[in-house]
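Okay, so here's the structure we're looking at.
Bear in mind these aren't lab numbers, they're just calculated from the coordinates by the rules spelled out. Just so you know, these numbers come straight off a predicted model, no measurement behind them. Methodologically, a virtual Cβ is constructed for each residue, glycine included, from the backbone with ideal geometry; neighbour enumeration extends over all protein chains shown.
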Amino acid sequence: MKLRRLLTVTKKEIIHIRRDKASLIMAFVAPIMMLLLFGFAVNTDVNQVKLAVYDGSMTYESRELIRKFDNSSYFKVSEMLASPDHVEAYIDQGVVKVGLVIPPDYLKELKKGKTAEIQVLVDGSDPTIARTAMSYSVILANNYSIKIKELSAEKSGRLAASAPGVSAKPLVLYNPTLESSKFNVPGVMGLILQNITIILTAFAMVRERERGTIEQLIMTPVTSLELIIGKLIPYVFIGMYDYLIILILSYFLFGVVVKGSLVLLILLGFFFLIGALAMGMLISTVARSQLQAMQAAMLFLLPSVLLSGFMFPREAMPDIVYAISSTFPITYFLVILRGIIVKGVGLAHLSNATVMLVIIIAAIILITMKKFKKTLD
């Protein structure tokens, strides 16, 4: 083995790597980006969970209890609502994960020397947040109850054990048994639909370019739009087959029942599929080789998996990471899947997620159509 020949080959490879910008990005930029994103996003601690509150008592004592929840690191009061029904509606819509309901007779029960009960409504479609919220709400109520008992005992001179207190009664909405499969399986449906379609279509145009058949397509009278749609149609059928087979197998293997409208679930799934196909085609038009297409697909897919709320609660993410996660279509599609499958809610309760999904997918389609040019360049 000659050192000169070895160094010559090494120099040649370095020149090749310098010319391959995609590989340079993967080698030097991607690790830093992944570390910064995932270092903050991969967090199972649940803090600052959005809390909707109905204060039926409207007294100093009830406001003091609300401040106790809001000043903790576990909850953040985001909405003060006019009725318990509004609290449940906000949980249906996914605006908040937890609701606090203080009854009108809250102060009366305390003055009678009885234990005042408050209700904590918890969204059970996310077992991780639900378990944490239930535990923290009971702990906060117990601590506050001890404080009330001690103050009451000092004033009345009786034992603290017989003094009035506060008791939190958690109520889990949807998935009351907190089965993880009912949370994970709908998420897996969305990820499978996204990952398979994006990877398949990412290779579509690149394959034509590498085989040299793209020149034949360019010489035909087919327009750019016709070429894109024509190449996507087979993948639409493949994606819908995958989507339907996943729904069927999820029912028979994991017992996941669609509580909401199956038609709505399929329609919104079809629309999400179009967006995933457009994203794959966008990658295909940018990449110059199948290796670059795979690299670009992974740069998109890996963050979308970890930041979408599939594995880790988005509530625990810093604001900037939360904002980045809001740009992925899968983030909103997971909300739709879990809303229809687990909660059984309709389009009215999923309007925010649906609108955001439509806007992002429309933007992807427009960028893809603008980027694609039926030329050799």
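Helix by helix through the chain, keep the DSSP H runs that span 15 Å or more along the axis on Cα and average at least 0.5 on Kyte-Doolittle, and give those back in order.
Membrane-span-like by this criterion, though nothing is claimed about a membrane: 30-41, 180-202, 224-254, 262-286, 290-307, 351-371.
Determine the sum of side-chain charges near Leu121: Lys and Arg each +1, Asp and Glu each -1, restricted to other residues whose C-beta is under 15 angstrom from that of Leu121.
Numbers: positive: Lys50, Lys97, Arg131, Lys169, Lys343; negative: Asp55, Glu79, Asp85, Glu88, Asp92, Glu117, Asp123, Asp126.
With Lys, Arg at +1 and Asp, Glu at -1, the net is -3.
How would Leu107, Leu100 line up from fewest to most surrounding beta-carbon atoms within 10 angstrom?
Ordered by Cβ neighbours within 10 Å, fewest first: Leu107, Leu100.
So which of Lys114/Lys343; Lys97/Lys231; Lys68/Lys112; Lys231/Lys259 end up more than 30 Å apart by C-alpha?
Values: Lys114/Lys343 35 Å; Lys97/Lys231 42 Å; Lys68/Lys112 22 Å; Lys231/Lys259 35 Å.
Beyond 30 Å between Cα atoms: Lys114/Lys343; Lys97/Lys231; Lys231/Lys259.
Debye sum, Cα scatterers, the chain, no solvent: what log₁₀ I/I(0) at q = 0.09, 0.10, 0.12 1/Å?
Normalising to I(0) and taking log10 leaves -0.65, -0.75, -0.95.
Compute a Gaussian network model of the chain, connecting alpha carbons closer than 10 Å, and tell me which residue from Met294, Met205, Met58 fluctuates the most.
Met58
Mind telling me which of Ile274, Ile365, Ile233 comes out most flexible in a GNM of the chain, alpha-carbon contacts under 10 Å?
Ile233
By its C-alpha gyration tensor, with a ≥ b ≥ c as the square roots of the eigenvalues, how is the stretch 62-158 shaped: rounded for a/c under 1.5, else prolate for a/b larger than b/c, else oblate?
Verdict is prolate for the stretch 62-158.
Using helices alone, I'd like the mean residue ellipticity at 222 nm for the chain: each DSSP H run of four-plus residues gives -39500 (n - 2.57), total over residue count, nearest 500.
When only DSSP H runs of four or more count, the value is -21000 deg cm²/dmol.
List the residues whose amide H sits under 5 Å from the amide H of Val53, counting only those 5 or more places along or on another chain, with H placed 1.01 Å from N in the peptide plane.
Amide H neighbours of Val53, under 5 Å, 5+ apart: Glu79, Met80, Leu81, Leu100.
Ranked by Cβ crowding within 10 angstrom, fewest neighbours first, how are Ser308, Ser250, Ser289 ordered?
Final ranking by Cβ density, sparse to dense: Ser289, Ser250, Ser308.
Between the stretch 334-363 and the stretch 251-279, what is the C-alpha centre distance in whole Å?
Between the Cα centres of the stretch 334-363 and the stretch 251-279 lies a distance of 11 Å.
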